[in-house]
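A.B. asks: Please find one structure pasted underneath; my questions will follow.
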Amino acid sequence: MADMDAATAKMVANLESNTGRSFADWLTLARGSGQAKHGQLVAWLKSEQGLTHGYANLVAHKALASDAGSMAGDDLMASMFEGPKAAMKPAYDRVAGVVGGLDGVEFAPKKGYVSFRRSKQFGLAQPSTKDRLDLGLNLKGVEPTGRLEAAGSWNAMVTHRVRIGSTEEVDAEVEGWIRQAWERA
């Protein structure tokens, strides 16, 4: 699912099937919550309504869309891949295509990376430089080897990192690691 609109549409469809409430119902509920800031609304949706972080983030972004401080997923993606880092967008698209082909995945764009979630976060993709996309994966207990290195101090949200310099490097080996992290989530 390289296209963020398609990823968002999938999340919206999954939200209704997983919660029994339509996206419009969630927006109405969020707007009536009395929470004016994005972080507060996300926290409220998670604690009071039981939404996962990805769904709460999506609802909060859309509910507060008129808030100038809130960026929609498309805006976050555009910002993330502007300037020199635009060269890494095709590699990200390839990774997102692999991730999007798995069941029950939520894409949660942030300012500098995109989180991949199932029941919990299993990975992320971050354009770190103009010529490198870092793929972070949660593979606790898997010995680092070759291109699959320990995340170390790079990012505490994942256990491993794969440095990707081109779309060709998103090969069967990388797809296997992504699937393995997804299965564990």
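The values are calculated or read from the model by the stated rules, or taken from the named source; none is laboratory data. None of these values were measured; they are calculated from a predicted model. So basically every Cβ, Gly included, is an ideal-geometry build from the backbone, and we count neighbours across all protein chains shown. Side chains included, ligands, DNA and RNA excluded: accessible areas come from the protein's heavy atoms. Shrake-Rupley method; radii C 1.70, N 1.55, O 1.52, S 1.80 Å.
A.B. asks: Kindly sort S22, S47 by accessible area of their heavy atoms, largest first, with the probe set to 1.4 Å. It would help to have the intermediate numbers written out before the result.
C.D. replies: Working: S22 30, S47 85 Å².
Per-residue accessible area, sorted high to low, gives S47, S22.
A.B. asks: Rank these residues by their accessible area, most exposed first, probe 1.4 Å: D131, D103.
C.D. replies: Working: D131 90, D103 115 Å².
Per-residue accessible area, sorted high to low, gives D103, D131.
A.B. asks: Sticking with this structure for a sec: Between their Cα atoms, which of K37/K140; K85/K110; K10/K130; K37/K89; K10/K89; K37/K111 are more than 27 Å away from each other?
C.D. replies: K37/K140; K10/K130; K37/K89
A.B. asks: Counting heavy atoms of the protein chains only and a 1.4 Å probe, report the per residue accessible area for the chain as a whole number of Å². Don't skip to the end; give the middle numbers.
C.D. replies: On the way: 8740 Å² over 185 residues.
With the other protein chains kept in place, the chain gives 47 Å² per residue.
A.B. asks: With charges only on Cβ, +1 for K and R and -1 for D and E, what is the dipole size of the chain about its Cα centre, in debye, rounded to 20?
C.D. replies: On the way: 22 positive and 22 negative charges, 109 e Å.
Computed about the Cα centre, the dipole is about 520 debye.
A.B. asks: Could you rank E106, E143, E48 by how accessible they are, 1.4 Å probe, largest area first?
C.D. replies: Working: E106 10, E143 145, E48 120 Å².
Solvent-accessible surface, decreasing: E143, E48, E106.
A.B. asks: Could I ask something else about it? For K62, give me every one of the aspartates and glutamates with a C-alpha distance below 14 angstrom, ignoring sequence neighbours fewer than eight places off in its own chain.
C.D. replies: D5, D25, D74, D75
A.B. asks: Just name one of V162, A96, G112: the one whose Cα is farthest towards the positive end of the charge dipole of the chain (beta-carbon charges, Lys/Arg +1, Asp/Glu -1).
C.D. replies: So the residue we want is G112.
A.B. asks: So if the hydrodynamic radius of the chain is defined as the Kirkwood radius over C-alpha pairs, what does Stokes-Einstein give as its diffusion coefficient at 4 °C and 1.567 mPa s, in µm² per second?
C.D. replies: Numbers: Rh = 16.9 Å.
Roughly 76 µm²/s, to the nearest whole number.
A.B. asks: Hey, any idea what % of the stretch 1-146's accessible area is carbon plus sulfur with a 1.4 Å probe?
C.D. replies: 51
A.B. asks: Taking loop as defined by DSSP and a crowding limit of 15 other beta carbons within 10 Å, which trypsin sites (Lys or Arg not before Pro) in the stretch 115-176 fit? Provide the component values of the computation, followed by the final result.
C.D. replies: Values: sites: R117, R118, K120, K130, R132, K140, R147, R161, R163; in loops: R118, K120, K130, K140, R147.
Answer by residue number: K120, K130, K140.
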